[in-house]
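Below you'll find the structure, written out as structure tokens, and then a few comments.
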Amino acid sequence: MAEITPSGTGGPIRVSGPAQDGPLTIRGGVGGISFQLEELAAGAEKLDALAGQLSGTEVEIRRIWQDLIPFQDLPRWTGTMALNAVGESERTLRAVRTELQHISSQVRRCRQEYEMAEAVAAAERFMGMMSIADLGNALRNLSITGAADEKTMETLVASLGLDASGVKRRIEKELWPWEVLDDAGALNRPLVVARQETVSVDLDSTPAGLLERIRLIDARGPGFIEVIQVQDGGEKAFVVVIPGTQPEFLDAGGDNPLDEAGVGEALFYDSEEMNLAVLQALDAAGAGQGDPVVAVGYSQGGIHAMNMAADPSFRRQYDLRYVLTAGSPVAGINAAPGVQSLHLEHRADWVPGSDGAPNPDLKERVTVSMGHAPRAVEGEGGLGTGHALTTYQDGARLVSASSDPSLVQSTAALGAVLGAGGTATATRFSLSRSKAPTPHLHAPDVRRTERGHGGR
């Protein structure tokens, strides 16, 4: 990265890489590279504008100098001195303008270097290349958790072209025009939402406390989600809690929408039916149009939570302000502008790496890669201790204690929506898939064939 030292500043302009705070590596947010480059680019534009103004002033000073030439033979203190002073001011302005333009060009070069580095990293993932350090970490994590780690899975998925967006494109291409369609919901069936109970809870609104709500709703039974109403200073906000995948094994694709098939519905159907179900649940829990909402999800639940943030129809109904995910592969999901998100990932967890790419480095999107010792309590660790909810709760506590500016800003944004927590009202809903119709084949549509597949 190029470094520039403007005159009189005493230090170089720097863009720092992902921040490190103990076992936490922080990407994105107000301390992220992307935001730093945006700020530098904005500064470069101002420098260009100032340089343009100085250039105009140079022309004017040059004209004045030329007008003074006839007076150079007058007494020195009236002619030559004036001519020299004006000429010196022109040279000084030119030097300042040149330096401003140089700094501006170097800032743009820095941005190009960063984009090139990102492109090279993506190419290395595509080719299945890992550094010696990453290979060493992978072997160490394998010995601890008994499973692949995040970097290994990310590289493997990218090299095989198994990322969700790539698989989507291939499915559409290979199944069209003789495709199994699900007009009645054969592949992505509507969900039946049933309100079960409403209870008073003591809400801990920190990231670790919200992950505890996931543990509690998961223990309630398969297919349950929770909507929590928080009252803060007379204003209400709502938290949607979605647990991770609940294995059904041979019954996958049955009644429980959070089973293994639910991962496919989240990745390939953008959680279309889950979003509709959550809208119903929020309405039943007393949420009104425009009310602020926080979505919290673990593993598969985090994919659903991010899909809500990307769904325009959901955003038209509610003010989704914040998303918290833990152990979720969400790199390919882009939340709407204005939604802040915090993504917790553990380096020893292969699940968040199964999307084949790192999360984007954005001001409103903070990703924490955690390296603390993973641990699992009884009943956890089926996908490795790195993916255990307890591991993520431990990491969430480190996040809350961190002084990193990106994490401080992100957790403050969460607190601004939910306040300090305390007594809240939780409503539990059971979700179940509607019965599947018999899949059928659709013949090619001649009109679609004439238009070409690109219109799909």
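The values are calculated or read from the model by the stated rules, or taken from the named source; none is laboratory data. Keep in mind the model is a prediction, meaning the values are calculated, not measured. Heads up, the Cβs are rebuilt from the backbone with ideal geometry, glycines too, and the neighbour counts pull from every protein chain shown.
A few points about this structure:
- Selection count where residues are over 20 Å from the mean Cα position of the chain (by Cα) and either surrounded by fewer than 22 Cβ atoms within 10 Å (Cβ to Cβ) or not in a helix (DSSP H, G or I) (or both), scope the range 282-296: 9
- Between ALA376, ALA413, ALA357, ALA443, the distinction of being within 19 Å of the chain's Cα centre (by Cα) and at pLDDT below 95 belongs to ALA357 only.
- Qualifying residue in the range 315-331 (condition: assigned to a helix (DSSP H, G or I), buried (at least 24 other Cβ atoms within 10 Å of the Cβ) and either touching a His at 6+ places or on another chain (Cβ under 9 Å) or of a type outside the set (A, V, I, L, M) (or both)): no
- Selection status of LEU142, surrounded by 14 or more Cβ atoms within 10 Å (Cβ to Cβ), in contact with a helix residue (DSSP H, G or I) (Cβ under 7 Å, 6 or more places away or on another chain) and over 21 Å from GLY28 (Cβ atoms): no
- When the range 219-234 is filtered for residues that are in contact (Cβ under 8 Å) with a residue 40 or more places away in the chain and of a type outside the set (S, T, N, Q), the ones remaining, listed by number, are ARG220, GLY221, GLY223, PHE224, ILE225, GLU226, VAL227, ILE228, VAL230, ASP232, GLY233.
- When restricted to residues that are assigned to a loop (DSSP other than H, G, I, E, B), of a type outside the set (Asp, Glu), over 18 Å from GLY384 (Cβ atoms) and touching a helix residue (DSSP H, G or I) at 6+ places or on another chain (Cβ under 6 Å), the range 335-370 contains 5.
- Within the range 120-135, residues that are at pLDDT 70 or above have Cβ atoms under 6 Å from residues that are surrounded by 12 or more Cβ atoms within 10 Å (Cβ to Cβ) and of a type in the set (Val, Ile, Thr) in these pairs: MET130/THR155, counting only partners at least 6 apart in sequence or on another chain.
- Identity of the residue in the range 297-314, crowded, with 24+ Cβ neighbours inside 10 Å and of a type in the set (Ser, Thr, Tyr), that ends up farthest from LEU414 (Cα to Cα): SER299
- Those residues of the range 236-252 which are out of contact with any Ser or Thr (no Cβ under 6 Å at 6 or more places or on another chain) and in contact (Cβ under 8 Å) with a residue 24 or more places away in the chain, in sequence order: LYS236, ALA237, PHE238, VAL239, VAL240, VAL241, ILE242, PRO243, GLN246, PRO247, GLU248
- Only one of the listed residues (ASP355, ASP283) is among the charged types (D, E, K, R) and closer than 25 Å to PRO190 by Cα. That residue is ASP283.
- In the range 379-410, the qualifying residues are those that are small (Gly, Ala, Ser), modelled with pLDDT of 95 or more and farther than 14 Å from HIS343 by Cα, and the one that is surrounded by the fewest Cβ atoms within 10 Å (Cβ to Cβ) is SER403.
- Against the numbered list (1) over 25 Å from LEU383 (Cα atoms); (2) at pLDDT 90 or above; (3) touching a helix residue (DSSP H, G or I) at 6+ places or on another chain (Cβ under 7 Å), GLN196 comes up short only at (3).
- Only one entry of ASP218, ASP183, ASP232 meets the criterion of being at pLDDT below 95, out of contact with any Asp or Glu (no Cβ under 9 Å at 6 or more places or on another chain) and buried (at least 16 other Cβ atoms within 10 Å of the Cβ), and that entry is ASP232.
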